[in-house]
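The values are calculated or read from the model by the stated rules, or taken from the named source; none is laboratory data. In this text, all values refer to a predicted model and were calculated from it rather than measured experimentally. Quick reminder, even Gly has a Cβ in these numbers, built from the backbone with ideal geometry, and neighbours come from all protein chains shown.
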Amino acid sequence: MTIYPKLILDALATVRYPGTGKNLVEAGMVEDNIRIEGMKVSFSLLFEKPTDPFMKSVVKAAETAILTYVGKDVEIEGNITVKSTQAPRPEVGKLLPEVKNIVGISSGKGGVGKSTVSANLAVALAKLGYKVGLLDADVFGPSMPKMFQVEDARPYTEKVNGRELIIPVEKYGVKLLSMGFFVDPQQATLWRGGMASNALKQLIADVQWGDLDYFLIDLPPGTSDIHLTVVQTLAMTGAVVVSTPQAVALADARKGINMFTNEKVNVPILGLVENMAWFTPAELPENKYYIFGKEGVKKLAEEMNVPLLGQIPIVQSICESGDNGTPVALDEDSVTGRAFLSLAASMVRQVDRRNVEAAPTKIVEMH
């Protein structure tokens, strides 16, 4: 039996690519490199993205078609290579080369206002003149679209240096991306850990974040696969841990600190944020009521030998502003607005100090 390229192409024309409904030949997915050596056949199939979900099934269907329409004795299994027409994703460690500082915002437990702190810290940094990006990495409970009043936004992609990259949404001077833009907000996201981690990697690596001074990552509460994915994917500048003064929250915050400082993770703690530090009524701005305990996070910071970056009071406006999509940090004249600007300045000082300490020391020879 003699095998020639036309037989192979005719067989592949019976296989349709699920993404477009076109057959492999019509779709231009068969590279012009069919090699035939006796009964051994090999060639390459072209896919637009290296993460194409149909890749394995299409390769299997192509093998079956050749065995069915050309001959069952053809040696084809394992001889089909796959290529991507898109430029490859940069290697881990070389991601986000234009981003100067990457900071994770974490909390040991939910309900301590971590996402509120993340949103307002990002806005405060932008108001101080920095170029800021914010990634909502809470895959299962994204809240940033609502906090920035961009729930109806639908990010699009552009081709940049041979790669299809997602363009972040911009609001209040912050480049923003969240899984909430890509899932139905009315439905639960039922993903296993691996699926969530892969989705997060795409939101980090396949996005045109551009030149940023600060890239904030709003991490999910607790310690999980998501945290490990972030620290294994990016060279992080440090982490900020948010807690309320309550004893139960402080116990979980301590675990969060231990996770980052673990030798296998080794991410510096830039400092702690005491959220809901006290309640101040709008009509009595000088009064402080310590409804969750007094200075618990401050004492934890002293115990763990890490900086206390700021204390954020509770006022009614902070909840209303989050629900309305207008972060309270936009109002520099409010009590909480000033608190977040102070927090941002404090974090910048810690980042600068950490960068100086991490910089290689130059030895000057005396002549």
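The residues listed here are VAL139, VAL123, VAL117, VAL112; of these, the one that is at pLDDT 95 or above and either among the hydrophobic types (A, V, I, L, M, F, W, C) or out of contact with any strand residue (DSSP E or B) (no Cβ under 8 Å at 6 or more places or on another chain) (or both) is VAL123.
Of all residues in segment 200-226, those that are at pLDDT below 80 and under 16 Å from the mean Cα position of the chain (by Cα) total 5. Taking the criterion of being out of contact with any helix residue (DSSP H, G or I) (no Cβ under 7 Å at 6 or more places or on another chain) and part of a helix (DSSP H, G or I), the only residue of segment 134-151 that qualifies is LYS146. Residues satisfying the criterion are present in segment 230-253 (criterion: outside any loop (DSSP other than H, G, I, E, B), among the polar types (S, T, N, Q) and at pLDDT below 85).
Filtering segment 181-191 to residues that are touching a helix residue (DSSP H, G or I) at 6+ places or on another chain (Cβ under 9 Å) and either modelled with pLDDT under 80 or surrounded by fewer than 17 Cβ atoms within 10 Å (Cβ to Cβ) (or both) leaves PHE182, PRO185, THR189, TRP191. Selection within segment 152-174: residues that are free of Cβ contacts under 8 Å to residues at least 60 places away in the same chain and in a loop (DSSP other than H, G, I, E, B). The member of this set that is surrounded by the most Cβ atoms within 10 Å (Cβ to Cβ) is PRO168. Checking each residue in segment 277-317 for being hydrophobic (A, V, I, L, M, F, W, C) and in contact with a helix residue (DSSP H, G or I) (Cβ under 9 Å, 6 or more places away or on another chain) picks out ALA277, ALA282, PHE292, VAL297, LEU300, MET304, VAL306, LEU308, LEU309, ILE312, ILE314, VAL315. Applying a threshold of 7 Å to beta carbon distances and a minimum spacing of six or more residues, or different chains, the list of pairs starting in segment 287-299 at a residue that is touching a residue at least 12 places away in the same chain (Cβ under 8 Å) and part of a helix (DSSP H, G or I) and ending at one that is small (Gly, Ala, Ser) and surrounded by 15 or more Cβ atoms within 10 Å (Cβ to Cβ) reads VAL297/SER243. May I ask you to list pairs of residues, at least six apart or on different chains, whose Cβ atoms are under 8 Å apart, with the first in segment 1-19 being under 24 Å from GLU48 (Cβ atoms) and the second being of a type in the set (Lys, Arg) and part of a loop (DSSP other than H, G, I, E, B)? Going by the 8 Å Cβ cut-off, the qualifying pairs are ARG16/LYS22.
Those residues that are within 36 Å of the chain's Cα centre (by Cα) and in a helix (DSSP H, G or I), I need them from segment 59-83; list them, please. Across segment 59-83, the qualifying residues are VAL59, LYS60, ALA61, ALA62. Give the residues of segment 6-27 that are at pLDDT below 90 and touching a strand residue (DSSP E or B) at 6+ places or on another chain (Cβ under 7 Å), sorted by residue number. Result: no residue meets the conditions. Scanning segment 21-41 for residues that are over 12 Å from LEU9 (Cα atoms) and polar (S, T, N, Q) turns up nothing. Checked across segment 351-366, the condition of being modelled with pLDDT of 90 or more and of a type outside the set (Lys, Arg) holds for at least one residue.
Within segment 319-332, is there a residue that is buried (at least 18 other Cβ atoms within 10 Å of the Cβ), in contact with a strand residue (DSSP E or B) (Cβ under 6 Å, 6 or more places away or on another chain), at pLDDT 85 or above and among the β-branched types (Val, Ile, Thr)? No.
On inspection, LEU7 does not qualify as under 37 Å from the mean Cα position of the chain (by Cα) and either within 15 Å of GLU63 (Cα to Cα) or part of a loop (DSSP other than H, G, I, E, B) (or both).
Within segment 17-47, the residues that satisfy the criterion of being closer than 16 Å to THR81 by Cβ and either within 31 Å of the chain's Cα centre (by Cα) or of a type in the set (Val, Ile, Thr) (or both) are VAL30, ILE34, ILE36, VAL41, LEU45, LEU46, PHE47. Residues in segment 201-216 that are out of contact with any helix residue (DSSP H, G or I) (no Cβ under 6 Å at 6 or more places or on another chain), of a type outside the set (Asp, Glu), over 17 Å from ASN161 (Cα atoms) and part of a strand (DSSP E or B): LEU212, PHE215.
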